[in-house]
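The values are calculated or read from the model by the stated rules, or taken from the named source; none is laboratory data. Just so it is clear, the structure is predicted and the values come from calculations on it, not from any experiment. A quick note on method: Cβ atoms are made from the backbone with ideal geometry, for glycine too, and the neighbour counts reach across all protein chains shown. All accessible areas refer to the heavy atoms of the entire protein, side chains included, with ligands and DNA or RNA removed. Shrake-Rupley method; radii C 1.70, N 1.55, O 1.52, S 1.80 Å.
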Amino acid sequence: GISKKTNELVCRERQQHQHMPRNKPMPTKRKLEEERAEQVEIDPALLAEVQASVEKAEVDRWQQTITTQTEIAFAAGGEPCAAPTGISRIEISAPDLAELRRLHRTICERVYPTGWGGVGDTTGRQRGYGYFSGYDMSETHFAAGQSMLEYTGEEAERDRNANRRASLLLSPAELSSSLDSTLERLMLQLRQVLPPRYAPVLTKDCLIAAQPNLHNGKAFLKPHLDEPMHDGFGVVIVTVAIEGSASILISDDQKVQLTGTACESSERVRREYHFRLVPGQAYTLADDARNKCLHGVLADRGCEWRESLNLRFGLHCAGQQARSVNTSSNPSGCFWADEVLRHWQEEHSESASERRASQERARLPSVFKHILGVSGTQEKLPTADA
């Protein structure tokens, strides 16, 4: 349970919230953050206690889901029998897994890994990026760099610099001569199991980066979204299990139309899925699974030091560029504007960041929600892949 001091803090915040005048205008986002910062200075040890309690509650809930709910079943080719569109799981041969492990190690040995959840991440998880020399899209993204959506100003620049130190541009001489053949076989498998419209992005020209993930003793990676215009880039994201087995967690909040009522209405219904992933397997996020669903990981006991490798294919376009791109005739890989316009544009009534915050709040035990609202500026949500 949580400490007496934590309970007192929660009660005090609830009382302040209840005494707020009803006629007070709704605060702006910046004003709300300033007010929260002024209200309470949270002791770091207390915050860590609350965060640990929240994580334990969510792990317990997911463990119950895994125990009581049937996992996603995959056909022999890798297609799921019942799951959000864009999820698949494929088998990787031992020689090809060895090639991908070699790529993973090469990147890890050459970069200075950064915090998996950004420059302010203190969990111990780390990631890096390997880009590919000779491929325009990969070289351009490497030169531009990227930072997390949550960071602005100097903090964003610090995050961008940390990502630069965690990235390298790999020359052909630094890569195994067998890697291209391994990637060709992998992409062929992916084209067979994903919707046909994703075939053009599953090419070596559109492979933007390979991203090693080091979980460093952390078994639970809470479900999150990958921000496509920031550090979670990629139209199709492939995760290869390098070391350690785990359950992959998928959470999908769907709008369901209500019937039998006097007027048309809808409500959100959360559907949760899970499936196993062991070394020698990879899974994909594309389409709805990539853009609408949260994805996370719960490592098996004894596999807390799990490692994985993301292969990020293709780039999205945003803003005016997204509106002017003809996705059917654009060979550059910077397409899929329709996905940005439907799921990620800020001017939509329910933006990705709002959807993510709503889903995050919905998963928390009620006793923790208010205190985490107070500490929201410190609780960064992860936005890279599992």
### Query
Of all the residues that make up segment 188-202, how many are over 11 Å from Ala286 (Cα atoms) and not in a helix (DSSP H, G or I)?
1
### Message
One residue is enough: does segment 30-50 have a residue meeting the conditions open to solvent by less than 80 Å² (accessible area, probe 1.4 Å), modelled with pLDDT of 85 or more and under 23 Å from Ala299 (Cα atoms)?
### Response
no
### Summary
Scanning segment 115-143 residue by residue, the ones that are over 21 Å from Pro172 (Cα atoms) and either open to solvent by 10 Å² or more (accessible area, probe 1.4 Å) or out of contact with any helix residue (DSSP H, G or I) (no Cβ under 8 Å at 6 or more places or on another chain) (or both) total 12
### Task
Search segment 224-239 for residues that are under 21 Å from Arg276 (Cβ atoms) and pair each with any residue that is of a type in the set (D, E, K, R) and open to solvent by 10 Å² or more (accessible area, probe 1.4 Å) when their beta-carbon atoms are under 8 Å apart and the residues are at least 6 apart or on different chains.
His224/Arg356
### Query
Got at least one residue in segment 128-137 being on the phi > 0 side of the Ramachandran plot and modelled with pLDDT under 90?
no
### Query
Among the residues of segment 74-106 satisfying the criterion of being open to solvent by 60 Å² or more (accessible area, probe 1.4 Å) and within 18 Å of Leu194 (Cβ to Cβ), which is farthest from the chain's Cα centre (by Cα)?
Ala76
### Message
Regarding segment 264-286, can at least one residue be identified that is modelled with pLDDT of 90 or more, assigned to a loop (DSSP other than H, G, I, E, B), in contact with a strand residue (DSSP E or B) (Cβ under 8 Å, 6 or more places away or on another chain) and more than 26 Å from Gln64 (Cα to Cα)?
### Response
yes
### Message
Regarding segment 309-322, can at least one residue be identified that is farther than 22 Å from Leu100 by Cα, crowded, with 18+ Cβ neighbours inside 10 Å, of a type in the set (A, V, I, L, M) and in contact with a helix residue (DSSP H, G or I) (Cβ under 6 Å, 6 or more places away or on another chain)?
### Response
yes
### Message
Conditions first: (1) part of a helix (DSSP H, G or I); (2) open to solvent by 40 Å² or more (accessible area, probe 1.4 Å); (3) among the acidic types (Asp, Glu). Glu71 passes all but one, so which condition is the exception?
### Response
(1)
### Task
With respect to Glu109, determine if the residue is in contact (Cβ under 8 Å) with a residue 24 or more places away in the chain, open to solvent by 30 Å² or more (accessible area, probe 1.4 Å) and charged (D, E, K, R).
no
### Query
Does Ala166 fit the bill of being touching a residue at least 40 places away in the same chain (Cβ under 8 Å), closer than 30 Å to Ala73 by Cα and small (Gly, Ala, Ser)?
no
### Message
For segment 143-159, check the following and say yes or no: at least one residue is part of a loop (DSSP other than H, G, I, E, B) and at pLDDT 95 or above.
### Response
no
